[in-house]
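K.L.:
First the structure, which I've put down as structure tokens, then a few questions once you've had a look.
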Amino acid sequence: MCLAVPGKIVRWTDRDPLFAQAEVEFEGLRRPCHMACVTDALEGDYVLIHAGVAIARLDAAEAQRLLDDLSRLGTAAAEEFAVDPPAREPGARP
Amino acid sequence: MKYVDEYRDPHLARRMIADIRRRATRRWTIMEVCGGQTHGLLRHGIEEELADVVETIHGPGCPVCVTHADAIDFACELARTPGCALASFGDMLRVPASRGSLLDARAAGGAVRAAYSPLDAVRLAQRDPNLQVVFFAVGFETTAPATALAVRQAAALGLDNFSMLVAHVRVQPAMEAVLASPGNRVQAFLAAGHVCAVMGCESYASLAERYRAPIVVTGFEPLDLLAGMAACVRQLEAGEAHVENRYARSVRPAGNPAARRLLEETFEACDRPWRGMGVVAAGGLRLRDEYRRFDAEFRFRRPASAVALPAVDANDCLAGEVLAGRLKPTACPHFGSACTPETPRGAPMVSSEGACAAYFRYRRPAAAVAGEEVAR
């Protein structure tokens, strides 16, 4: 129930502040979604859809940043960081 | 699917698991707040992979699970009231209450409709002015903007046949209740990412500081869950305890100001009994005075409960222990025998986000599964 799905705004259909609606594409379908909480979003932007309502806009730069950070794990830089493993407590798992 | 598939990369997941195992010098106890996160941890085997460095305690973040039986009873009553139609999210329909579930009420002739969105219930009320449409407003702050929008649209349209049975719950007071409870073992939280997409995460700072517990805003895909876990372990190892946002593509520190404004204008905090946990102070949302006419409890003259509500279900379901993180579903005597998704004794087995349902689906003991195969 708390799951929200990322969808791409295909086109705005109503710009009224309270009744704002847009056609949003997600999970292979296009559905009208209620947009009163993201009235500044642009066509082509991604939003989080929950119970038919866009609750937040996705930040593409942040999305990429996490993937970039994660892909550096296990590279030379990360190996160097892990060279000195933290001191183990006596009796801790090996 | 964009913004989903990239966060399911198994190679990155393996590296992240190795990284977490490398960082940990001891076993830590972490609570993931949201039921959707519980399912993710179990379904993708993350809980198992990290079991020797992280004990996960499953949080009460399943709104269907914590909606009090009392609210469901009233919903059933409304469904059976002539001239009324009760619209509800689908996953509430099978939750058992004192006199059965909403599905049982429907079988007995009640008007119960599953709705994907509260706005659909508003459209229903618009199309049929002779029908009193009541929407069962369940959920955390993730869902409250949708129900707030429904009330505001209904008000703007001048509808007199739309109302809501409000049973919304607030996440932060429940997190505090967990930390404050005697014998609490939770050392850090994976905070509910979509609640934070709406509410932001700045308000957690005082909680992290007062209880010395790292609070990491976390998403739902495998890499998101692992990023949250890694951040918790890193802080715990370093003796740090602050709020960290590891779901920044969806969460800004102040959340979504437009959604928060909508909530603030439409709802206010109130004490709320959580099923299995007792009354959580400021743990609920109710409609503000100016929208009281859209409150089904007011419209249909339901007397307020003056009696203290029992903390546990009468039928000996141990949901309360599970929701407070004191009991693993598989340790419950009814698990897999008297209590299954087909014959649930309580909400956590019924709900798609419930911990018991997650364990049943992803972690059943091999013997039980084999027994079922034989029985077929």
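The values are calculated or read from the model by the stated rules, or taken from the named source; none is laboratory data. Nothing here was measured: the structure is a model prediction, and the numbers come from that model. Positions of Cβ are backbone-derived with ideal geometry, glycine not excepted, and every protein chain shown enters the neighbour counts. Remember, those area values only see protein heavy atoms, side chains included, never the ligands or the DNA or RNA. Shrake-Rupley method; radii C 1.70, N 1.55, O 1.52, S 1.80 Å.
K.L.:
List, please: which pairs have Cβ atoms under 7 Å, are six or more places apart or on different chains, and start with a residue in region B:86-97 that is within 17 Å of A:Ala51 (Cα to Cα) and within 13 Å of another protein chain (Cβ to nearest Cβ) and end with one that is acidic (Asp, Glu) and not in a helix (DSSP H, G or I)?
P.N.:
Taking only residues 6 or more apart or on different chains, not a single pair turns up.
K.L.:
Can A:Ala87 be described as exposed (fewer than 11 other Cβ atoms within 10 Å of the Cβ), at pLDDT below 90, under 30 Å from B:Ala238 (Cβ atoms) and within 8 Å of another protein chain (Cβ to nearest Cβ)?
P.N.:
For A:Ala87, the condition - exposed (fewer than 11 other Cβ atoms within 10 Å of the Cβ), at pLDDT below 90, under 30 Å from B:Ala238 (Cβ atoms) and within 8 Å of another protein chain (Cβ to nearest Cβ) - is met.
K.L.:
Within region B:126-138, can you find the residues that are surrounded by fewer than 24 Cβ atoms within 10 Å (Cβ to Cβ), assigned to a loop (DSSP other than H, G, I, E, B) and not charged (D, E, K, R)?
P.N.:
Within region B:126-138, B:Pro129, B:Asn130, B:Leu131 meet the criteria.
K.L.:
B:Arg152 is checked against (1) charged (D, E, K, R); (2) facing chain A (nearest Cβ under 9 Å); (3) in a loop (DSSP other than H, G, I, E, B) and fails just one. What number does that condition carry?
P.N.:
Of the numbered conditions (1) charged (D, E, K, R); (2) facing chain A (nearest Cβ under 9 Å); (3) in a loop (DSSP other than H, G, I, E, B), the odd one out for B:Arg152 is (3).
K.L.:
Is there a residue being open to solvent by 50 Å² or more (accessible area, probe 1.4 Å), small (Gly, Ala, Ser), modelled with pLDDT of 95 or more and over 30 Å from B:Ala213 (Cβ atoms) anywhere in region B:141-164?
P.N.:
Among the residues of region B:141-164, at least one is open to solvent by 50 Å² or more (accessible area, probe 1.4 Å), small (Gly, Ala, Ser), modelled with pLDDT of 95 or more and over 30 Å from B:Ala213 (Cβ atoms), which makes the answer yes.
K.L.:
Return yes or no: is B:Ala79 touching a strand residue (DSSP E or B) at 6+ places or on another chain (Cβ under 9 Å) and touching a residue at least 24 places away in the same chain (Cβ under 8 Å)?
P.N.:
So B:Ala79 passes the test.
K.L.:
Restricting attention to region B:330-346, which residues are touching a strand residue (DSSP E or B) at 6+ places or on another chain (Cβ under 9 Å) and open to solvent by less than 20 Å² (accessible area, probe 1.4 Å)?
P.N.:
Within region B:330-346, B:Gly346 is the sole residue that qualifies.
K.L.:
Next question. Taking B:Ala105 as meeting all but one of (1) under 23 Å from B:Asp289 (Cα atoms); (2) crowded, with 24+ Cβ neighbours inside 10 Å; (3) away from every other protein chain (no Cβ under 14 Å), write down the number of the exception.
P.N.:
B:Ala105 satisfies every listed condition except (1).
K.L.:
Of all residues in region B:29-59 being among the aliphatic types (A, V, I, L, M) and assigned to a strand (DSSP E or B), which is surrounded by the fewest Cβ atoms within 10 Å (Cβ to Cβ)?
P.N.:
B:Ile57
K.L.:
Further, regarding this structure: If B:Glu141 satisfies every condition in (1) assigned to a strand (DSSP E or B); (2) under 30 Å from B:Ala177 (Cα atoms) but one, which is the exception?
P.N.:
Tallying (1) assigned to a strand (DSSP E or B); (2) under 30 Å from B:Ala177 (Cα atoms), B:Glu141 fails exactly one: (1).
K.L.:
A follow-up question, please. Of the residues B:Arg15, B:Arg26, only one is in a loop (DSSP other than H, G, I, E, B), charged (D, E, K, R) and open to solvent by 10 Å² or more (accessible area, probe 1.4 Å); which?
P.N.:
B:Arg26
K.L.:
Here's a follow-up. Scan region B:292-344 for residues that are closer than 30 Å to B:Ala154 by Cα and modelled with pLDDT of 75 or more and jot them down.
P.N.:
Within region B:292-344, B:Arg292, B:Arg293, B:Phe294, B:Asp295, B:Ala296, B:Glu297, B:Phe298, B:Arg299, B:Phe300, B:Arg301 qualify.
K.L.:
Separate question: What is the one condition in (1) charged (D, E, K, R); (2) more than 19 Å from the chain's Cα centre (by Cα); (3) over 24 Å from B:Ala150 (Cα atoms) that B:Glu265 does not satisfy?
P.N.:
Status for B:Glu265: all satisfied but (3).
K.L.:
Within the set of pairs 6 or more residues apart or between chains, which connect a residue that is facing chain A (nearest Cβ under 8 Å) inside region B:238-264 to a residue that is in a loop (DSSP other than H, G, I, E, B) and buried (at least 23 other Cβ atoms within 10 Å of the Cβ) with Cβ atoms less than 6 Å apart?
P.N.:
Filtered contacts from region B:238-264: B:Asn256/A:Cys37; B:Ala258/A:Cys37; B:Ala259/A:Cys37.
K.L.:
Looking at region B:209-223, which of the residues that are buried (at least 23 other Cβ atoms within 10 Å of the Cβ) and closer than 24 Å to B:Pro145 by Cα is nearest to the other protein chains (Cβ to nearest Cβ)?
P.N.:
The extreme case among them is B:Phe220.
K.L.:
Please verify whether B:Arg22 is more than 14 Å from chain A (Cβ to nearest Cβ) and either more than 19 Å from the chain's Cα centre (by Cα) or not aliphatic (A, V, I, L, M) (or both), treating the condition exactly as stated.
P.N.:
Taking the combined requirement at face value, the residue does not satisfy it.
K.L.:
Which one of A:Leu18, A:Leu58, A:Leu42, A:Leu48 is facing chain B (nearest Cβ under 10 Å), more than 20 Å from B:Glu221 (Cβ to Cβ) and modelled with pLDDT of 95 or more?
P.N.:
After applying the criteria, what remains is A:Leu18.
K.L.:
Considering region B:190-208 alone, what residues qualify as being away from chain A (no Cβ under 11 Å) and either surrounded by fewer than 24 Cβ atoms within 10 Å (Cβ to Cβ) or in a helix (DSSP H, G or I) (or both)?
P.N.:
B:Glu202, B:Ser203, B:Tyr204, B:Ala205, B:Ser206, B:Leu207, B:Ala208
K.L.:
Okay, moving on. Scan region B:209-222 residue by residue and report those that are in a helix (DSSP H, G or I) and under 21 Å from the mean Cα position of the chain (by Cα).
P.N.:
Answer for region B:209-222, where residues must be in a helix (DSSP H, G or I) and under 21 Å from the mean Cα position of the chain (by Cα): just B:Pro222.
K.L.:
Just name the residue that is farthest from B:Met1 (Cα to Cα) out of those in region A:11-27 that are part of a loop (DSSP other than H, G, I, E, B) and open to solvent by 80 Å² or more (accessible area, probe 1.4 Å).
P.N.:
Selected residue: A:Pro17.
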